[in-house]
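So the structure is just underneath, and the comments pick up after that.
Any read-out appearing in this document is the output of simple, stated calculations on the displayed coordinates, not a laboratory observation. Keep in mind that what you see is a predicted model, and the values were worked out from it rather than measured. All Cβ positions, even for glycine, are placed from backbone atoms using ideal geometry, and neighbour counts span all protein chains on display.
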Amino acid sequence: MIVCPGGYTIGRCCCGIAKFYHSAVSNQPRSRSEQPTLSESPADNNSTPEDQATSPPAVWNFPAAVAAWLIPGMGHILAGHAKRGTILLVCIGGLYLVGLLVGGISVVHSRNADGTLRPWYLGQALIAPSLAVEYTHDNLRARTEGADPSPYDEDIAFSPAYGRAAEVGTLYTALAGLLNLLAIIDIAYREPRSADHALPLGAGEESGASL
């Protein structure tokens, strides 16, 4: 056993140091940031519920969720969050369009050649325009007997993507759909936007004067 000078063990020495540090910290004067605020004063206990601003409870908003699925960010715009909805529209919609520009409409397809479901289509389907893209893709494939046209064909309806272009296009469109899922969940169950969150006129001046 390791013994400190004076016959104390290491454990007892560490315990004594910890007690000394705790007592020194607890005896220090409280800083201004740690002083009780106005919200902690006893006067607030006598205020009526009407004086205390309470946030409205969260509610389900299914129409906004459907709008967010149809067009990314549209649900937030309709719910009154125009700035946030615009950001979602630019980011998610831009990512989806870049995926289509890189890989073309052939990257949005629900079935493989053997008829099995493509798992990444589940992410792409979280954005409604994917259904229209797949419908257009299927109609163009029908002209070539249900198969993608060959690059060597003279008259082709669309140019399918292969290799890295197909991978990047599929990844971008599926990732945009997953991000849109978060936006749908965010707007589907959310506190309604109202003026109750704003402070009454002159409240900031009164609080500043009381300080």
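Tabulated results
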quantity: Förster-model FRET efficiency, 25 Å R0, Glu167 and Glu191, C-beta, rounded to 0.05; calculated: 0.05
quantity: At most 15 other Cβ within 10 Å, DSSP loop - trypsin sites (Lys or Arg not before Pro), segment 79-138; calculated: none
quantity: Efficiency of FRET from Cβ geometry, Val59 and Ile87, R₀ 30 Å, rounded to 0.05; calculated: 0.85
quantity: Spin-label model distance (nm) - Leu101 vs Leu182, 7 Å beyond Cα toward Cβ; calculated: 2.3 nm
quantity: Extreme residue, positive dipole direction of segment 59-190, given options Leu140, Gly123, Asn112 (C-beta unit charges); calculated: Gly123
quantity: Ordering of 131-141, 93-103 by burial proxy (mean other Cβ atoms within 10 Å per residue, highest first); calculated: 93-103, 131-141
